[in-house]
């Protein structure tokens, strides 16, 4: 713990979204997230997005993300185990593709 | 990495945004000891393996723009700070980072402990991390 908060190496909630919003908005957008990890960032913007497809090759991270999603009752996120190689080449287009600490 | 960007681009609508958030390549995490009215820089962490990954990411982003897949919408840097109560928390902090993890340059960890032993009551260890965002737009 640091100052009563859990120790984290990642930016405080909101910082990354403020940076993103300088260039584009994710509100009501279809978002593809590559390398979502445990959904730390996904679950910050998902409540405003129209739909999110987020994947990560690490099953344990996706399990954690799905558990957090269920707790928050977010029905517009599809967390999947996998990599971008497994993304079908066709399908409804996305408005944004996000590589959050994963490129 | 270029392939991953191209693959993502295939699924973006024309004009859609490709967003990359990543650590800053040249502004390495900075460690300082802070107390009311004072700030004592100690070291910058190093991470040669990860630097190569970041260089490759930058290169891939530049290449997909150069090859006409995307246009550059913009890039911006930012920073954030994390405070630790004592030097022993540095180990926990570093273990939270996905490998390859940064480390102290030679002698810097010892310097942190030496300077901490002289720090005033109420001092904290400040870790400043830098990140960069690059946003590209898919060409029509």
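Do you know which residues across the range B:98-116 are in contact with a helix residue (DSSP H, G or I) (Cβ under 9 Å, 6 or more places away or on another chain) and closer than 29 Å to residue B:135 by Cα?
B:99, B:100, B:101, B:102
Would you say residue B:21 is touching a strand residue (DSSP E or B) at 6+ places or on another chain (Cβ under 7 Å) and within 13 Å of another protein chain (Cβ to nearest Cβ)?
When the stated conditions are applied, residue B:21 passes them.
So, residue B:49, is that one farther than 27 Å from residue B:117 by Cβ and within 21 Å of the chain's Cα centre (by Cα) or not?
yes
What number of residues within the range B:114-140 satisfy the criterion of being part of a helix (DSSP H, G or I) and loosely packed, with under 13 Cβ neighbours inside 10 Å?
Within the range B:114-140, residues that are part of a helix (DSSP H, G or I) and loosely packed, with under 13 Cβ neighbours inside 10 Å number 2.
Taking the range B:5-18 as the region of interest, how many residues are more than 7 Å from every other protein chain (Cβ to nearest Cβ) and within 23 Å of the chain's Cα centre (by Cα)? Reasoning before the result, please.
Step one: list which residues in the range B:5-18 are more than 7 Å from every other protein chain (Cβ to nearest Cβ), which gives B:5-6, B:9, B:14-15.
Applying the additional criterion that residues be within 23 Å of the chain's Cα centre (by Cα) yields B:5.
Of the residues in that region, 1 qualify.
Could you check the range A:48-80 and list, in sequence order, the residues that are within 12 Å of another protein chain (Cβ to nearest Cβ), closer than 12 Å to residue A:38 by Cα and either under 13 Å from the mean Cα position of the chain (by Cα) or surrounded by fewer than 13 Cβ atoms within 10 Å (Cβ to Cβ) (or both)?
A:55, A:56, A:61
Hey, does the range A:12-28 have a residue that's surrounded by 15 or more Cβ atoms within 10 Å (Cβ to Cβ), in contact (Cβ under 8 Å) with a residue 60 or more places away in the chain and more than 8 Å from chain B (Cβ to nearest Cβ)?
Scanning the range A:12-28, I find at least one residue that is surrounded by 15 or more Cβ atoms within 10 Å (Cβ to Cβ), in contact (Cβ under 8 Å) with a residue 60 or more places away in the chain and more than 8 Å from chain B (Cβ to nearest Cβ), so the answer is yes.
If a residue must be over 19 Å from residue B:35 (Cα atoms) and either within 9 Å of another protein chain (Cβ to nearest Cβ) or in contact with a strand residue (DSSP E or B) (Cβ under 6 Å, 6 or more places away or on another chain) (or both), how many such residues does the range B:105-115 contain?
The total comes to 2.
Considering the range B:74-95 alone, what residues qualify as being within 29 Å of residue A:57 (Cβ to Cβ), at the interface with chain A (Cβ under 7 Å from one of its Cβ atoms) and surrounded by 14 or more Cβ atoms within 10 Å (Cβ to Cβ)?
Hits for the range B:74-95 are B:78, B:80, B:82, B:93.
Select from the range A:81-102 the residues that are in contact with a helix residue (DSSP H, G or I) (Cβ under 7 Å, 6 or more places away or on another chain) and more than 10 Å from chain B (Cβ to nearest Cβ) and list them in ascending order.
A:81
Please state which of the following conditions residue B:2 fails to meet, knowing it meets all the rest: (1) under 23 Å from residue B:111 (Cα atoms); (2) out of contact with any strand residue (DSSP E or B) (no Cβ under 7 Å at 6 or more places or on another chain); (3) within 11 Å of chain A (Cβ to nearest Cβ).
The single condition residue B:2 does not satisfy is (1).
Read-outs: derived from the displayed coordinates by stated rules, not from any lab. Because the structure is predicted, anything quoted here is derived from the model rather than measured. Counting neighbours? That spans all protein chains shown, and the Cβs are built from the backbone with ideal geometry, glycine included.
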